[in-house]
1. Checking PHE227 against (1) closer than 30 Å to GLY108 by Cα; (2) part of a helix (DSSP H, G or I): exactly one of these is not met. Which one?
2. Answer yes or no as to whether LEU33 is modelled with pLDDT under 95, out of contact with any Pro (no Cβ under 8 Å at 6 or more places or on another chain) and farther than 20 Å from ASP86 by Cα.
3. Output yes when any residue across the stretch 96-106 is of a type in the set (S, T, N, Q) and in a helix (DSSP H, G or I), and no when none is.
4. Taking the conditions exactly as written (closer than 27 Å to SER110 by Cβ, at pLDDT below 85, hydrophobic (A, V, I, L, M, F, W, C) and under 18 Å from the mean Cα position of the chain (by Cα)), does MET151 satisfy them or not?
5. Output the number of the condition that MET160 fails; it satisfies all remaining conditions of (1) touching a Gly at 6+ places or on another chain (Cβ under 7 Å); (2) under 28 Å from TYR90 (Cβ atoms).
6. Could you please let me know if LYS69 is in a strand (DSSP E or B), at pLDDT 95 or above and in contact with a helix residue (DSSP H, G or I) (Cβ under 8 Å, 6 or more places away or on another chain)?
7. Suppose we keep only residues that are closer than 21 Å to LEU184 by Cα and either more than 18 Å from the chain's Cα centre (by Cα) or of a type in the set (D, E, K, R) (or both) within the stretch 61-89. Which one would you say is surrounded by the fewest Cβ atoms within 10 Å (Cβ to Cβ)?
8. For the condition in contact with a strand residue (DSSP E or B) (Cβ under 7 Å, 6 or more places away or on another chain) and not basic (Lys, Arg), what is the one hit in ALA58, ALA101, ALA62, ALA51?
Amino acid sequence: MFSYIITRIFIESFRLVPFWVLYGLSDISRIILFDLFGYRKKIIFDNLEKAFPEKNKAEINAIAREFYKHFTDVLFEGLKGMTMKDKEVYKRFKVLNPQLADAYFEQGKSLIILGSHYGNWEWGNSIPYYMKHDVVCVYKAVPNRRLNDYMRNNRARLGMKQISLEKTRLIFTNINKPKFIILLADQNPGASSHAVWVDFLGRDTPCIHGPEIYGKLYNFPVMYIDFQRIKRGYYTAELSMLAENPASLEKGELTQKYMGKLEQAIKNKPPNWLWTHKRWKHKRENGKLLVDYYYK
């Protein structure tokens with residue numbers, strides 16, 4: 001209870017913080033994390049060196065430094081976003097082409113939307129403002145129940161419906177109105193034996209199997225949503241089609257298309273992806289593409 005109260009007070013304090021102060025705090029935090037403590041520095045540099053073997057140490061260091069700036073910006077923007085007025089969020093995060101999804105709403109079709117931890121995914125809570133579909137996202141619950149409920153309610157104020165990771169299947173089995181189902185699926189899978197393996201940034205990479213399985217099982221059109229920073233504190237999201245009929249694709253093809261879109265974004269602006277996790281810690285077992293029982 002005490003930790004929840006302290007956290008709430010801390011979050012609410014950002015209601016009073018103007019953006020010029022917010023980014024001052026972000027700059028100070030970046031120096032502390034990068035120059036003083038080297039937060040996950042070894043992991044970040046290892047990932048960058050594997051992803052960009054053609055770049056020298058100075059180039060890798062420059063990307064890492066810009067990443068830390070982006071990382072602390074998103075951290076503080078996320079805190080600020082929890083207390084921002086709705087109109088302010090809509091002004092700073094815009095969906096460029098909602099009409100691409102609206103066409104399927106008119107046909108009564110639900111969509112699977114594959115996003116990533118690129119740009120500012122936290123402000124994506126404003127997406128329902130632009131959509132005719134019911135917008136649903138899958139989230140990973142935090143251990144503190146009160147804090148988890150607070151965060152869920154905060155996101156819901158902008159119309160974002162949420163379901164915990166463990167109950168993902170319920171989204172697909174309870175379709176009363178066309179849904180815009182957002183999955184952020186670019187992190188490491190829980191087990192490499194359940195992964196979809198694809199080529200990503202020139203490396204054999206395990207990916208979460210959910211998009212592949214649900215896409216082929218329910219055959220909802222699958223789109224990619226690309227989050228981009230326009231300037232500090234302003235972002236856009238743009239939709240593009242990955243597969244209108246995913247059931248017709250070969251095993252692994254949908255995931256490869258998805259990761260290919262993400263790879264293109266990363267190569268264009270490397271600092272804007274979340275480099276802090278161990279992306280290539282698993283090795284493929286027995287040369288399998290993925291576990292076949294998901295397709296039975």
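1. Every listed condition holds for PHE227 apart from (2).
2. Considered against the rule, which asks whether it is modelled with pLDDT under 95, out of contact with any Pro (no Cβ under 8 Å at 6 or more places or on another chain) and farther than 20 Å from ASP86 by Cα, LEU33 comes out as yes.
3. If we filter the stretch 96-106 for residues that are of a type in the set (S, T, N, Q), which is where we start, we get 97, 99.
Adding the requirement that they be in a helix (DSSP H, G or I) leaves 99.
So far as the stretch 96-106 goes, yes, one or more of its residues are of a type in the set (S, T, N, Q) and in a helix (DSSP H, G or I).
4. yes
5. (1)
6. So LYS69 does not fit the description; no.
7. ASP73
8. Sole residue among the options that is in contact with a strand residue (DSSP E or B) (Cβ under 7 Å, 6 or more places away or on another chain) and not basic (Lys, Arg): ALA101.
The values are calculated or read from the model by the stated rules, or taken from the named source; none is laboratory data. Just so it is clear, the structure is predicted and the values come from calculations on it, not from any experiment. Ideal geometry is used to build each Cβ from the backbone, glycine not excepted, and the neighbour counts take in all protein chains shown.
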